[in-house]
Amino acid sequence: RKEVEQDPGPFNVPEGATVAFNCTYSNSASQSFFWYRQDCRKEPKLLMSVYSSGNEDGRFTAQLNRASQYISLLIRDSKLSDSATYLCVAFSNTGFQKLVFGTGTRLLVSP
Amino acid sequence: GAGVSQSPSNKVTEKGKDVELRCDPISGHTALYWYRQSLGQGLEFLIYFQGNSAPDKSGLPSDRFSAERTGGSVSTLTIQRTQQEDSAVYLCASSPGQGAQYEQYFGPGTRLTVT
(Lines give C-alpha, C1' and ligand atoms only; values in the text may rest on other atoms or scores of the structure.)
Protein backbone atom coordinates (compact mmCIF):
# COMPACT_ATOMS: atom_id res chain seq x y z
CA ARG A 1 0.00 0.00 0.00
CA LYS A 2 1.31 3.45 -0.93
CA GLU A 3 1.95 5.78 1.97
CA VAL A 4 -0.06 8.54 0.28
CA GLU A 5 -2.92 7.59 -2.01
CA GLN A 6 -4.92 9.68 -4.43
CA ASP A 7 -7.54 9.08 -7.09
CA PRO A 8 -5.59 9.62 -10.34
CA GLY A 9 -8.65 11.05 -12.14
CA PRO A 10 -8.88 12.75 -14.53
CA PHE A 11 -11.56 15.02 -13.15
CA ASN A 12 -13.22 16.77 -16.07
CA VAL A 13 -15.13 19.88 -14.99
CA PRO A 14 -16.51 22.96 -16.76
CA GLU A 15 -15.25 26.43 -15.98
CA GLY A 16 -16.84 27.82 -12.87
CA ALA A 17 -17.44 24.44 -11.27
CA THR A 18 -16.39 23.46 -7.77
CA VAL A 19 -14.23 20.36 -7.53
CA ALA A 20 -12.81 18.48 -4.56
CA PHE A 21 -9.95 16.02 -4.28
CA ASN A 22 -9.25 13.71 -1.40
CA CYS A 23 -6.09 11.99 -0.38
CA THR A 24 -5.39 9.42 2.34
CA TYR A 25 -2.17 8.74 4.19
CA SER A 26 -1.14 5.64 6.08
CA ASN A 27 1.67 6.89 8.30
CA SER A 28 0.06 8.25 11.44
CA ALA A 29 3.40 9.85 12.35
CA SER A 30 3.13 12.25 9.43
CA GLN A 31 2.95 15.72 10.85
CA SER A 32 2.61 18.15 7.99
CA PHE A 33 0.80 18.05 4.71
CA PHE A 34 0.86 19.98 1.48
CA TRP A 35 -0.71 20.25 -1.92
CA TYR A 36 1.65 20.72 -4.84
CA ARG A 37 0.63 21.54 -8.38
CA GLN A 38 2.39 20.06 -11.39
CA ASP A 39 1.73 21.25 -14.92
CA CYS A 40 2.38 18.90 -17.83
CA ARG A 41 6.13 18.32 -18.27
CA LYS A 42 6.93 20.87 -15.59
CA GLU A 43 8.29 20.62 -12.08
CA PRO A 44 5.98 20.51 -9.04
CA LYS A 45 5.33 23.76 -7.23
CA LEU A 46 3.91 24.29 -3.77
CA LEU A 47 0.25 25.27 -3.91
CA MET A 48 -0.53 25.41 -0.20
CA SER A 49 0.16 23.87 3.16
CA VAL A 50 -2.62 22.03 4.98
CA TYR A 51 -3.39 22.85 8.60
CA SER A 52 -5.56 20.96 11.06
CA SER A 53 -7.91 23.89 11.35
CA GLY A 54 -8.30 24.08 7.60
CA ASN A 55 -6.98 26.93 5.53
CA GLU A 56 -8.09 28.95 2.57
CA ASP A 57 -6.18 30.78 -0.12
CA GLY A 58 -8.48 32.54 -2.53
CA ARG A 59 -10.46 29.92 -4.41
CA PHE A 60 -8.57 27.06 -2.77
CA THR A 61 -9.44 25.44 0.55
CA ALA A 62 -7.44 22.66 2.17
CA GLN A 63 -8.48 20.55 5.14
CA LEU A 64 -6.90 17.85 7.24
CA ASN A 65 -8.72 15.14 9.14
CA ARG A 66 -6.19 13.41 11.38
CA ALA A 67 -8.67 10.95 12.84
CA SER A 68 -9.50 9.56 9.41
CA GLN A 69 -6.08 10.31 7.96
CA TYR A 70 -7.25 12.16 4.92
CA ILE A 71 -6.58 15.52 3.34
CA SER A 72 -8.82 17.41 0.95
CA LEU A 73 -8.46 20.21 -1.55
CA LEU A 74 -11.46 22.20 -2.74
CA ILE A 75 -11.27 24.46 -5.76
CA ARG A 76 -14.12 26.90 -6.29
CA ASP A 77 -14.97 28.72 -9.51
CA SER A 78 -12.56 26.60 -11.57
CA LYS A 79 -10.50 28.37 -14.21
CA LEU A 80 -8.99 26.91 -17.37
CA SER A 81 -5.61 27.66 -15.84
CA ASP A 82 -6.37 25.31 -12.95
CA SER A 83 -5.89 22.36 -15.31
CA ALA A 84 -2.94 20.47 -13.86
CA THR A 85 -2.05 17.51 -11.68
CA TYR A 86 -2.45 18.07 -7.95
CA LEU A 87 -0.05 16.19 -5.72
CA CYS A 88 -0.89 15.37 -2.13
CA VAL A 89 2.22 15.37 0.04
CA ALA A 90 2.95 14.22 3.58
CA PHE A 91 6.01 15.24 5.56
CA SER A 92 7.41 12.39 7.58
CA ASN A 93 9.23 13.35 10.74
CA THR A 94 10.30 9.81 11.63
CA GLY A 95 13.95 9.05 11.04
CA PHE A 96 15.21 11.19 8.19
CA GLN A 97 12.71 13.88 7.39
CA LYS A 98 11.34 13.82 3.88
CA LEU A 99 8.31 14.51 1.75
CA VAL A 100 6.22 11.58 0.54
CA PHE A 101 4.25 12.32 -2.62
CA GLY A 102 1.04 10.82 -3.86
CA THR A 103 0.78 9.96 -7.54
CA GLY A 104 -1.40 12.99 -8.18
CA THR A 105 -4.93 13.77 -9.32
CA ARG A 106 -5.32 15.19 -12.77
CA LEU A 107 -7.78 18.04 -13.27
CA LEU A 108 -9.04 19.17 -16.67
CA VAL A 109 -11.13 22.33 -16.75
CA SER A 110 -12.96 22.89 -20.03
CA PRO A 111 -14.64 26.00 -21.47
CA GLY B 1 16.67 35.19 -8.34
CA ALA B 2 18.00 32.03 -9.90
CA GLY B 3 16.10 28.87 -9.18
CA VAL B 4 17.25 25.28 -9.09
CA SER B 5 18.90 24.28 -12.33
CA GLN B 6 19.55 20.82 -13.69
CA SER B 7 21.56 19.51 -16.58
CA PRO B 8 21.21 18.02 -19.05
CA SER B 9 17.52 18.64 -19.66
CA ASN B 10 17.32 15.48 -21.74
CA LYS B 11 19.59 12.47 -21.89
CA VAL B 12 19.31 9.45 -24.13
CA THR B 13 21.68 6.63 -23.35
CA GLU B 14 22.18 3.02 -24.29
CA LYS B 15 21.49 0.27 -21.82
CA GLY B 16 24.59 -0.53 -19.82
CA LYS B 17 26.15 2.94 -20.04
CA ASP B 18 26.76 5.17 -17.03
CA VAL B 19 25.12 8.59 -16.75
CA GLU B 20 25.69 11.63 -14.57
CA LEU B 21 22.96 14.12 -13.79
CA ARG B 22 23.75 17.49 -12.27
CA CYS B 23 21.82 19.74 -9.92
CA ASP B 24 22.64 23.33 -8.94
CA PRO B 25 20.52 24.26 -5.94
CA ILE B 26 19.43 27.73 -4.99
CA SER B 27 22.35 29.57 -3.41
CA GLY B 28 22.32 29.26 0.36
CA HIS B 29 19.95 26.31 0.48
CA THR B 30 21.35 23.69 2.80
CA ALA B 31 18.99 20.83 1.95
CA LEU B 32 19.03 19.07 -1.42
CA TYR B 33 16.81 16.23 -2.58
CA TRP B 34 16.73 13.92 -5.57
CA TYR B 35 13.49 12.35 -6.78
CA ARG B 36 12.48 10.45 -9.87
CA GLN B 37 9.13 10.43 -11.59
CA SER B 38 8.21 7.64 -13.97
CA LEU B 39 5.33 7.90 -16.41
CA GLY B 40 2.07 7.88 -14.48
CA GLN B 41 3.86 7.51 -11.17
CA GLY B 42 4.32 9.83 -8.25
CA LEU B 43 7.59 11.33 -7.21
CA GLU B 44 9.83 8.70 -5.71
CA PHE B 45 12.33 9.92 -3.13
CA LEU B 46 15.90 8.87 -3.88
CA ILE B 47 18.37 10.69 -1.62
CA TYR B 48 18.59 13.72 0.65
CA PHE B 49 21.52 15.89 1.70
CA GLN B 50 21.40 18.29 4.64
CA GLY B 51 24.46 20.42 5.29
CA ASN B 52 27.41 18.30 6.35
CA SER B 53 25.29 15.49 7.77
CA ALA B 54 25.38 11.99 6.36
CA PRO B 55 22.91 11.79 3.47
CA ASP B 56 19.70 9.81 3.67
CA LYS B 57 20.17 7.19 0.95
CA SER B 58 17.15 5.14 1.91
CA GLY B 59 15.37 5.77 -1.38
CA LEU B 60 18.09 4.66 -3.76
CA PRO B 61 16.64 1.68 -5.66
CA SER B 62 19.89 -0.23 -6.15
CA ASP B 63 23.63 0.04 -5.69
CA ARG B 64 23.88 1.24 -9.29
CA PHE B 65 22.64 4.61 -8.02
CA SER B 66 24.86 6.99 -6.09
CA ALA B 67 24.98 10.70 -5.44
CA GLU B 68 27.37 13.19 -4.02
CA ARG B 69 27.22 16.81 -3.06
CA THR B 70 30.43 18.75 -3.27
CA GLY B 71 31.09 21.76 -1.07
CA GLY B 72 27.54 21.74 0.16
CA SER B 73 26.29 23.02 -3.17
CA VAL B 74 26.26 21.22 -6.52
CA SER B 75 25.10 17.61 -6.54
CA THR B 76 25.64 14.83 -9.03
CA LEU B 77 23.46 11.75 -9.33
CA THR B 78 25.23 8.85 -11.02
CA ILE B 79 23.53 5.80 -12.46
CA GLN B 80 25.86 2.99 -13.45
CA ARG B 81 25.05 0.30 -16.00
CA THR B 82 21.73 1.90 -16.85
CA GLN B 83 18.69 -0.28 -17.41
CA GLN B 84 15.51 0.49 -19.32
CA GLU B 85 13.55 0.72 -16.08
CA ASP B 86 15.76 3.66 -15.10
CA SER B 87 14.00 5.76 -17.76
CA ALA B 88 12.24 8.57 -15.88
CA VAL B 89 12.40 12.26 -15.10
CA TYR B 90 14.94 12.92 -12.37
CA LEU B 91 14.02 15.95 -10.29
CA CYS B 92 16.21 17.83 -7.87
CA ALA B 93 14.86 20.11 -5.16
CA SER B 94 16.45 22.36 -2.58
CA SER B 95 15.20 24.08 0.54
CA PRO B 96 16.63 26.62 2.99
CA GLY B 97 16.71 24.11 5.82
CA GLN B 98 15.51 20.86 7.20
CA GLY B 99 11.92 20.59 8.28
CA ALA B 100 8.37 20.85 7.04
CA GLN B 101 8.32 24.61 7.36
CA TYR B 102 10.82 24.92 4.52
CA GLU B 103 9.34 24.83 1.03
CA GLN B 104 11.12 22.61 -1.47
CA TYR B 105 11.90 24.30 -4.76
CA PHE B 106 12.17 21.96 -7.70
CA GLY B 107 14.37 22.15 -10.75
CA PRO B 108 13.00 21.48 -14.25
CA GLY B 109 14.29 17.90 -14.19
CA THR B 110 16.40 15.70 -16.44
CA ARG B 111 14.43 13.39 -18.71
CA LEU B 112 16.44 10.17 -18.98
CA THR B 113 15.68 7.66 -21.70
CA VAL B 114 17.53 4.34 -21.71
CA THR B 115 17.32 2.54 -25.05
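A few points about this structure:
- In this assembly, the B-A interface accounts for approximately 1600 Å² of buried accessible surface in total, computed with a 1.4 Å probe and without ligands, DNA or RNA.
- Rolled with a 1.4 Å probe across the full set of protein chains, the surface gives residue B:69 an accessible area near 40 Å².
- Surface accessible to a 1.4 Å probe, per residue, for the residues of region B:18-101, Å²: 43
- Only Lys, Arg, Asp and Glu carry charge here, each on its Cβ (+1 for the first two, -1 for the last two); on that basis chain B has a dipole of about 180 debye about its Cα centre.
- Top positive-direction residue, dipole computed over chain B with Cβ charges, set B:65, B:98, B:35: B:65
- 1.4 Å probe, heavy atoms, protein only - residues of region B:29-56 losing at least 50 Å² accessible area vs chain alone: B:43, B:56
- When the solvent-accessible area of chain B is split by element, carbon and sulfur atoms take up 44 percent of it, the probe being 1.4 Å.
- Secondary structure note: in chain B, about 90% of the DSSP beta bridges are antiparallel.
- Ligands, DNA and RNA left out, the 1.4 Å accessible surface of chain A is 47% carbon and sulfur atoms.
- Hydrodynamic analysis of the protein assembly as shown uses the Kirkwood radius over alpha carbon pairs. Inserted into Stokes-Einstein at 20 °C and 1.002 mPa s, it gives a translational diffusion coefficient of 118 µm²/s.
- Peptide A:55-67 is shielded by partner chain Cβ atoms: per residue, an average of 0 of them sit within 10 Å of its Cβ.
- Distances between placed amide hydrogens fall under 5 Å for residue A:9 paired with A:106, all partners being 5 or more residues away or on another chain.
- HN-Hα J in Hz across region A:50-62 - Karplus 6.51, -1.76, 1.60, θ = phi - 60°, x for Gly and Pro: 10, 10, 4, 7, x, 8, 10, 9, x, 7, 10, 10, 10
- The alpha-carbon atoms of chain B define a convex hull whose volume equals 98 cubic angstrom per residue.
- Across the protein chains, with a 1.4 Å probe defining accessible surface, the residues A:82, B:18 rank B:18, A:82 from largest area downward.
- Calculated diffusion of region A:11-111, Stokes-Einstein form, Kirkwood radius summed over Cα pairs, 25 °C and 0.890 mPa s, µm²/s: 177
The values are calculated or read from the model by the stated rules, or taken from the named source; none is laboratory data. If you're wondering where the values come from, they're calculated on a predicted model, not measured in any experiment. A quick note on method: Cβ atoms are made from the backbone with ideal geometry, for glycine too, and the neighbour counts reach across all protein chains shown. Ligands, DNA and RNA are stripped out before the accessible areas are found, and what is left, the full protein with its side chains, is counted by its heavy atoms. Shrake-Rupley method; radii C 1.70, N 1.55, O 1.52, S 1.80 Å.
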